[in-house]
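The values are calculated or read from the model by the stated rules, or taken from the named source; none is laboratory data. Remember, it's a predicted structure, so these values are computed and weren't measured experimentally. All Cβ positions, glycine included, derive from the backbone under ideal geometry; neighbour counts span all protein chains shown. Just so you know, the surface numbers come from the protein's heavy atoms only, side chains and all, with ligands and any DNA or RNA stripped out. Shrake-Rupley method; radii C 1.70, N 1.55, O 1.52, S 1.80 Å.
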Amino acid sequence: MPAWVGCDAGLRLAVRVTPRGGRDSLAVGTPDHLVARLAAAPVEGAANAALIALVAKTFGLARRDVTLVAGQTARLKRLQLNGDPQRLAELAASLYGPGA
C-alpha cells in the first residue's frame, strides 16, 4: 500500500512509529509510509494516542476524525482520516515536498 490512499470517507494513511523518539514529529518516510517520532512510550496506548493527536494536528482535523484501524501493537500503523479526500491527499503530498 502507498503511504496514503483516498477513499470515500477521506484518506487511509500508513505511518511507521518510533516511540520514545524525542519530540513529536511527522515526516517523509518511504513511498510506502510516513514516519512519526513520538515522545510517548508504547505503554497502555500512550503512543497510539499521541500519534492520533499528531496526525489530527498535522492534517487540521479533530482527533475524533482520526482512527487507528490496524497495527495497534505494531510499529507500522494504518489510520483512517475522515474529511475531504482531495484536501487530505494534498496535505499528505505536501509533506513530501515539491517534485514528489
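Ordered from highest to lowest accessible area with the whole protein assembly present and a 1.4 Å probe, K57, K77 read as K57, K77. Taking 0.36 nm per residue of separation and subtracting the Cα-Cα distance, full extension of the segment from T67 to A9 would add 19.7 nm. Charge dipole (Cα centre; +1 on Lys/Arg Cβ, -1 on Asp/Glu Cβ; no other charges) of region 27-100 amounts to roughly 140 debye. Straightening the chain between S25 and D84 buys 18.9 nm, computed as 0.36 nm per residue apart minus the Cα-Cα spacing. For the set V66, V28, the ranking by accessible area, highest first and with no ligand, DNA or RNA atoms included, is V28, V66 under a 1.4 Å probe.
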